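Peer 1: Mind looking over this structure? Questions follow.
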Amino acid sequence: MAGADLKTASLSLQSVSRHFGPIRAVDGIDLDIGQDEFFSLLGPSGSGKTTLLRIIAGLERPSAGRVRVAGQDVTELPPYKRRIGMVFQNFLLFPHKTVAENIVFPLRMQNVARAARDERLRWAMKLLRLEGLAARYPNELSGGQQQRVSLARGLIARPAMLLLDEPLANLDRELRAEMEVEIRRYQKELNIPFVYVTHNQEEALTMSDRIAVMRGGVFEQVGPRDDVYRRPKTEFVATFVGQSNRLSGFVETVKNGAVAFAWQGHTLHVPHQGDIAAGDKAQFLIKYEDIEVAGAAGKGRSDHRSGNSLEGRLRDIIFKGQTANYIVSLANGAELIASASSRDHKVGIGEAVSLRWPETSGMCFRS
Ligand SMILES: Nc1ncnc2c1ncn2[C@@H]1O[C@H](COP(=O)(O)OP(=O)(O)OP(=O)(O)O)[C@@H](O)[C@H]1O
Ligand SMILES: [Mg+2]
């Protein structure tokens, strides 16, 4: 996969910062994005996502650092000279222009000749499945159609890169899920990098090749989506991406690559990672789907001696569609959640259950 090679990087940021007085909105970001990448900036409100996107677009000047597009330093160039398309959350369609007029607007600004404009319009309408809607006005379109018009407008000038800032935030859930898949398809078809801003982890995981998790103007972690999901480097990333149980305790011992984590009289075995030592106060995090729920204690699977297990009672099952969340109350009053396919629940509410997971699952972070 592309991404790290400077020569082929489509976008390269070097030590890019933007400070507003005392606020470090973006603080020393280094990043290379490859030609074929769908890249997401994922982070909570105020983490600097929009500011970084605006710097890439040329709408915001960095306080320090350089921006390169396809090897060319564009730090001093105005937005319209960067060959970068943008799509925003509020689509900003012109209400008194038709779909066709809205889409070709960027080409009119560039004085592209009529014949070329028409040809590009046909291309964009076909790509975004808008055929037949050319003469409509924005208020005669569904939310998804409006968003596709706004994408068509972002793409019609054949940009070298497309930047998208929470473009699906105003759509309902179903439409959003559909558009996530569509937008990724456009990126793969066009083979230009998309840089996609969102605070929604599911969206980022669905669409991206790589994800940067942002917090306080810096990247907490950058990597392929599976890495960010499976191997979070910090507690913040572990909490922000995926759904995890969290237990507060302390580290008993660290040896042979394993942590013995003490929690309310239980000892849990966790893989060792990062900077953690015996005696540390720590948080243990484990994803819902990494815990297995089994029927009454004792008669379960053959060999769990080397794994972790806790006994409890199934308090409730939250149906999620393909999966369900099993909420289990332990004797000490704590509750843990396990998720599994909703088809094969063999235990009923109120029954005794055991929760199990291997020593290779879960993570410990010093608190
Ligand atoms: N023009 C500005 N003047 C002063 N502070 C600003 C300006 N623009 C952004 N900030 C601050 O910079 C920080 C990052 O803002 P930014 O809009 O980049 O966050 P974001 O990650 O896009 O958040 P959201 O998810 O809410 O859109 C915030 O603390 C914000 O208040
Ligand atoms: Mg924003």
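Peer 1: Rounded to two decimals, what is Rg over Rh for the stretch 243-366 when you use alpha-carbon atoms and the Kirkwood radius? All intermediate terms of the calculation are to be shown ahead of the outcome.
Peer 2: On the way: Rg = 14.5 Å, Rh = 14.9 Å.
That ratio is 0.98, to two decimals.
Peer 1: Now a separate question. Taking only DSSP H segments of four or more residues, each worth -39500 (n - 2.57), what value at 222 nm results for the chain once the sum is divided by all its residues, to the nearest 500 deg cm²/dmol? Write down the numbers at each step before the final one.
Peer 2: Details: 8 runs with 84 residues, N = 367.
One gets -7000 deg cm²/dmol as the mean residue ellipticity at 222 nm.
Peer 1: Quick one: accessible surface of Tyr229, probe radius 1.4 Å, all protein chains present, in square angstrom to the nearest 10.
Peer 2: Number for this one is 50 Å².
Peer 1: On to the next question. Could you list the chymotrypsin sites (Phe, Trp or Tyr not before Pro) in the stretch 65-119 that lie in coil according to DSSP, counting only those with at most 12 other Cβ atoms within 10 Å of their Cβ?
Peer 2: Values: sites: Tyr80, Phe88, Phe91; in loops: Phe88, Phe91.
Here no chymotrypsin sites (Phe, Trp or Tyr not before Pro) fit, given the DSSP loop and packing criteria.
Peer 1: Can you tell me the relative contact order of the stretch 9-237? Whole percent, Cα pairs under 8 Å, sequence separation 6 or more. Mind dumping the intermediate values first?
Peer 2: Values: 429 pairs, mean separation 66.9, N = 229.
It comes to 29 percent, rounded to a whole number.
Peer 1: Which Cα, out of Ala100, Thr198, Ala258, lies furthest along the positive dipole direction of the chain (beta carbon charges, K/R +1, D/E -1)?
Peer 2: Ala100
Peer 1: Next up: Sort out the exposed loop trypsin sites (Lys or Arg not before Pro) in the chain (DSSP loop, at most 14 other Cβ within 10 Å) and tell me the longest stretch that has none.
Peer 2: Answer - 130-298.
Peer 1: Count the net charge of all other residues whose Cβ sits under 13 Å from the Cβ of Thr206, scoring Lys and Arg as +1 and Asp and Glu as -1.
Peer 2: -2
Peer 1: Suppose every K and R has +1 on its Cβ and every D and E has -1 on its Cβ; what is the size of the dipole of the stretch 9-237 about the Cα centre, in Debye to the nearest 20?
Peer 2: Working: 33 positive and 28 negative charges, 143 e Å.
For this selection, approximately 680 debye.
Peer 1: Could you order Glu60, Glu131 so the one with the most accessible surface comes first? Probe is 1.4 Å.
Peer 2: Glu131, Glu60
Peer 1: Enter the angle in degrees (range 0 to 90, nearest 10) between the Cα long axis of helix 143-155 and the first principal axis of the Cα atoms of the chain, meaning the one along which they spread out most.
Peer 2: Once rounded, one gets 60 degrees.
Peer 1: While we're on this one: In cubic angstrom, how much convex hull volume per residue do the alpha carbon atoms of the chain span? Each step should come with its number before you reach the end.
Peer 2: Details: hull volume 63.8 nm³, N = 367.
Hull volume normalised by residue count: 174 Å³.
Peer 1: In the chain, how many lysine pairs have Cα atoms under 19 Å apart, counting only pairs 8 or more places apart or on different chains? Show your work: numbers first, answer last.
Peer 2: Values: Lys126/Lys188; Lys233/Lys281; Lys233/Lys287; Lys255/Lys281; Lys287/Lys320; Lys299/Lys346; Lys320/Lys346.
Pairs that pass both the separation and distance tests number 7.
Peer 1: How much of the DSSP beta bridge set in the chain is antiparallel, as a percent to the nearest 5?
Peer 2: Numbers: 65 of 82 bridges.
In the chain, DSSP labels about 80 percent of beta bridges as antiparallel.
The values are calculated or read from the model by the stated rules, or taken from the named source; none is laboratory data. The structure presented is a predicted model; accordingly, all values stated were derived computationally and were not measured. Neighbour counts run over all protein chains shown; Cβ positions are idealised from the backbone, glycine included. Areas reflect the complete protein model, heavy atoms only, side chains present, ligands, DNA and RNA absent. Shrake-Rupley method; radii C 1.70, N 1.55, O 1.52, S 1.80 Å.
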